[in-house]
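Colleague: One structure, pasted below without further comment.
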Amino acid sequence: MEFSIKSGAPEKQRSACVVVGVFESRKLSASARKIDAAAKGFLTRILDHGDMDGKLGATLLLHAVPGVEAARVLLVGLGKEKEFRDSEYRRAIVAAVRMLNDTGSLDGTLYLTELDVKKRDTAWCVEQATLMARETLYRFDRLKSKPENTVSSLKLITFSVVRRTELATAELALAQGLAMADGIDLAKDLGNLPGNICTPSYLADQARLLAEEHKLGIEILETADMEALGMHSLLSVAKGSHQAPKFIVLRHQKGKAGAKPVVLVGKGITFDSGGISLKPGAGMDEMKYDMCGAASVLGTMKMAAELKLPINLIAVIPSSENMPGGSASKPGDIVTSMSGQTIEILNTDAEGRLILCDALTYSERFDPACVVDVATLTGACVVSLGHVTTGLFANDDDLAGELLAAGQSSYDRAWQMPLFEDYQEQLKSNFADMANIGGPPAGSITAACFLSRFTKKYHWAHLDIAGTAWKSGKEKGATGRPVALLSHFLIERAGKTKAARGTRQSA
Ligand code: BES
Ligand code: MN
Ligand code: ZN
């Protein structure tokens, strides 16, 4: 799909379809009014007949509207004008793109990007429209033997802006949105691939391809390298599987020479059976998604590379399966992490923290500006925040603030949870420096507390994406989150802040 930006009157567009909005109670948006005027009240008459009420997401396709150059006019319901905010805007874009894709149009020009969205600017509208369009068009059908018969003729989507002076800003927002969408699509593809294809070796190969394509630095550590480094916590997770673990390091060095890098660490468990502390069978297939942290870090690297972000950025991805093979870790086993701290493995299903802790210690060598880890870490996070919000933990409030703001501006939202010392008690072990579980209360907090013991030497934040990385049910699939959040975080850090500014949370 191609995308472009334009500024011009809707009635004069030589497009297969122009898309304009209608609010509830049949109130026309500004661009719909222009069409209506050119068509001598044609839209008003149709709406008066009751064919379209303007309910959010409703659509009505009209052909051969008099006085209008485009072959079709697509009306999209926007809901109540007073309640039209960012989430309504996003839903209207989805409705428009779905309809465009389902009808015979070769191209469509969306005037929805001209709408006033509370507290959001033109750049935001264009970037979000790009993301929502790509989201709507995303398919994962490469493992079906025959392509599903949903061939669409849609080739080009154009977003309109009110003033010509906004064209440059909108172009930048479009480029940024497309790079983010490419990163999100990569994260979704990797997440959706099953565990028998997407193994640690497969992730390493994909990282190599990404490095080749964008001239990134790459290093893949093998089992022997990890042994030499003393990563016995990570290796204890891999022991139960026939798949070799991989430790992937990617470097994007486009910042000032010598500037401290941002390090992104992604949990790459390509299948989490629970190990000897085996998970229940129902829904276990979804544990193929346990590498979505790794996938989002790779997606974010792709975004940064495509935009040539002027920043030093390093991806660190510990990858393994968690299986209950004959040499698997057993409850009660004690291992020594790379940091030297010993860990009593009371539950082999709390494996994410066991691979992350060694990756976090390894990250010290980069003298990082900050380290952000991303992990489908705890079922408890799904209990507390559901599938809407990512859990955020940090040992530095400025870093937490930056990530929260990036979540708001990208509509990929996170919420900060406490890391009070009092919780650390729950990790006490009678036999080792710490246990790998903290009991039922506050499960996502004690998981983060565990990680915090390996991050004392730098500013650190942890994103628990257990609830947000994929959807279950009829629409089962990876979401690509939190690539959008991380993109805005890095774009801000790189100082390219012209596009897509959102506002900070007020409530
Ligand atoms: N990958 C899971 C976390 C998870 C569970 C993500 C459900 C998404 C949905 C993680 O490795 C895990 O199994 N965590 C355990 C920790 C417990 C044993 C302390 C959990 O959350 O049950
Ligand atoms: Mn687990
Ligand atoms: Zn896991």
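The values are calculated or read from the model by the stated rules, or taken from the named source; none is laboratory data. Computed from a predicted model, the values in this text were never measured in an experiment. Here the Cβ is made from the backbone with ideal geometry for all residues, glycine too, and neighbour counts use every protein chain on show. Protein only, heavy atoms only, side chains kept; ligands, DNA and RNA dropped before computing areas. Shrake-Rupley method; radii C 1.70, N 1.55, O 1.52, S 1.80 Å.
Colleague: Of everything in segment 253-281, what is farther than 25 Å from Leu451 by Cα and more than 12 Å from ligand 1 (Cβ to nearest atom)? Give them in sequence order. Quick ask: steps written out before the conclusion?
Modeller: If we filter segment 253-281 for residues that are farther than 25 Å from Leu451 by Cα, which is where we start, we get 253-259, 280-281.
Hits for segment 253-281 are Gln253, Lys254, Gly255, Lys256, Ala257, Gly258, Ala259, Gly281.
Colleague: Would you point out which residue out of Ser339, Ser320, Ser329, Ser296 is within 16 Å of ligand 1 (Cβ to nearest atom) and more than 16 Å from Ser277 (Cβ to Cβ)? Steps first, answer last, please.
Modeller: Values: Ser339 fails: within 16 Å of ligand 1 (Cβ to nearest atom); Ser320 fails: more than 16 Å from Ser277 (Cβ to Cβ); Ser329 fails: more than 16 Å from Ser277 (Cβ to Cβ).
None of the other options fit; the residue is Ser296.
Colleague: Right, here's the next one. I'm trying to understand the selection: among the residues of segment 1-51, which are surrounded by fewer than 18 Cβ atoms within 10 Å (Cβ to Cβ), assigned to a loop (DSSP other than H, G, I, E, B) and within 36 Å of the chain's Cα centre (by Cα)?
Modeller: Once the filter is applied, which keeps residues that are surrounded by fewer than 18 Cβ atoms within 10 Å (Cβ to Cβ), assigned to a loop (DSSP other than H, G, I, E, B) and within 36 Å of the chain's Cα centre (by Cα), segment 1-51 yields Met1, Ser7, Gly8, Ala9, Arg14.
Colleague: Would you check which residues across segment 346-360 are assigned to a helix (DSSP H, G or I) and either open to solvent by 10 Å² or more (accessible area, probe 1.4 Å) or more than 8 Å from ligand 1 (Cβ to nearest atom) (or both) and list them?
Modeller: From segment 346-360, those assigned to a helix (DSSP H, G or I) are 352-360; that's our starting set.
Correct list: Arg353, Leu354, Ile355, Leu356, Cys357, Asp358, Ala359, Leu360.
Colleague: Can you tell me which of (1) within 16 Å of ligand 2 (Cβ to nearest atom); (2) part of a strand (DSSP E or B); (3) not acidic (Asp, Glu) is the one Pro331 doesn't meet?
Modeller: (2)
Colleague: Looking only at segment 428-458, count every residue that is touching an Asp or Glu at 6+ places or on another chain (Cβ under 6 Å) and surrounded by fewer than 18 Cβ atoms within 10 Å (Cβ to Cβ) and tell me the total.
Modeller: Going residue by residue through segment 428-458, those that are touching an Asp or Glu at 6+ places or on another chain (Cβ under 6 Å) are 429, 431-432, 435, 444, 457.
Keeping just the survivors that are surrounded by fewer than 18 Cβ atoms within 10 Å (Cβ to Cβ) gives 429, 431, 457.
Residues flagged as touching an Asp or Glu at 6+ places or on another chain (Cβ under 6 Å) and surrounded by fewer than 18 Cβ atoms within 10 Å (Cβ to Cβ) within segment 428-458 amount to 3.
Each row is one residue, and each column tells you yes or no for (1) closer than 21 Å to Lys6 by Cα; (2) of a type in the set (A, V, I, L, M).
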{"site": "Leu100", "(1), (2)": "yes, yes"}
{"site": "Tyr111", "(1), (2)": "yes, no"}
{"site": "Val117", "(1), (2)": "yes, yes"}
{"site": "Ala133", "(1), (2)": "yes, yes"}
{"site": "Lys146", "(1), (2)": "no, no"}
{"site": "Thr150", "(1), (2)": "no, no"}
{"site": "Leu156", "(1), (2)": "yes, yes"}
{"site": "Arg164", "(1), (2)": "yes, no"}
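Colleague: Also, I was wondering about something else. When you go through (1) modelled with pLDDT of 95 or more; (2) exposed (fewer than 12 other Cβ atoms within 10 Å of the Cβ) one by one for Ala181, which number turns out not to apply?
Modeller: It is condition (2) that Ala181 fails.
Colleague: Taking segment 137-153 only, how many residues are under 21 Å from Gly191 (Cα atoms) and either out of contact with any Asp or Glu (no Cβ under 7 Å at 6 or more places or on another chain) or in contact (Cβ under 8 Å) with a residue 12 or more places away in the chain (or both)? Walk me through it before giving the result.
Modeller: Filtering segment 137-153 for residues under 21 Å from Gly191 (Cα atoms) gives 137-145, 147-148.
From what is left, the residues that are either out of contact with any Asp or Glu (no Cβ under 7 Å at 6 or more places or on another chain) or in contact (Cβ under 8 Å) with a residue 12 or more places away in the chain (or both) are 137-140, 142-145.
So the answer is 8.
Colleague: Another question, if that's okay. Quick one: count up the residues across segment 205-233 that are open to solvent by 20 Å² or more (accessible area, probe 1.4 Å) and of a type in the set (S, T, N, Q).
Modeller: Adding up the residues that qualify gives 2.
Colleague: Of all residues in segment 422-448 being outside any loop (DSSP other than H, G, I, E, B) and among the hydroxyl-bearing types (Ser, Thr, Tyr), which is farthest from Ser384 (Cα to Cα)?
Modeller: Tyr423
Colleague: Which residue is farthest from ligand 2 (Cβ to nearest atom), if the candidates are limited to segment 372-388 and must be surrounded by fewer than 18 Cβ atoms within 10 Å (Cβ to Cβ) and outside any helix (DSSP H, G or I)?
Modeller: Ranking the qualifying residues of segment 372-388, first place goes to Val388.
Colleague: If you don't mind, another one. Is there a residue in segment 274-295 that is within 16 Å of ligand 2 (Cβ to nearest atom), at positive phi, buried (at least 24 other Cβ atoms within 10 Å of the Cβ) and not in a strand (DSSP E or B)?
Modeller: First, pick out the residues of segment 274-295 that are within 16 Å of ligand 2 (Cβ to nearest atom): 274-294.
Subsequent filtering for residues that are at positive phi retains 274-275, 283.
This time we only want the ones that are buried (at least 24 other Cβ atoms within 10 Å of the Cβ), so: 275.
Those left that are additionally not in a strand (DSSP E or B): 275.
Yes: one or more hits.
Colleague: Shifting gears a bit: Could you list, in sequence order, all residues of segment 54-83 that are part of a loop (DSSP other than H, G, I, E, B) and over 20 Å from Ala9 (Cα atoms)? Working first, answer last.
Modeller: Looking only at segment 54-83, we keep the residues that are part of a loop (DSSP other than H, G, I, E, B), and these are 54-58, 64-71, 78-80.
Gly54, Lys55, Leu56, Gly57, Ala58, Leu78, Gly79, Lys80 - these are the residues of segment 54-83 that are part of a loop (DSSP other than H, G, I, E, B) and over 20 Å from Ala9 (Cα atoms).
Colleague: Here is a further query. Taking only segment 84-120 into account, find how many residues are part of a loop (DSSP other than H, G, I, E, B) and at negative phi. Even if it seems obvious, please write down each step before you answer.
Modeller: Step one: list which residues in segment 84-120 are part of a loop (DSSP other than H, G, I, E, B), which gives 84-85, 103-106, 111, 115-120.
Next, from what is left, pick out any that are at negative phi: 84-85, 103-106, 111, 115-118, 120.
Final tally of qualifying residues: 12.
Colleague: If Leu264 satisfies all but one of (1) away from ligand 2 (no atom under 16 Å from the Cβ); (2) surrounded by fewer than 24 Cβ atoms within 10 Å (Cβ to Cβ), what's the number of the condition it fails?
Modeller: (2)
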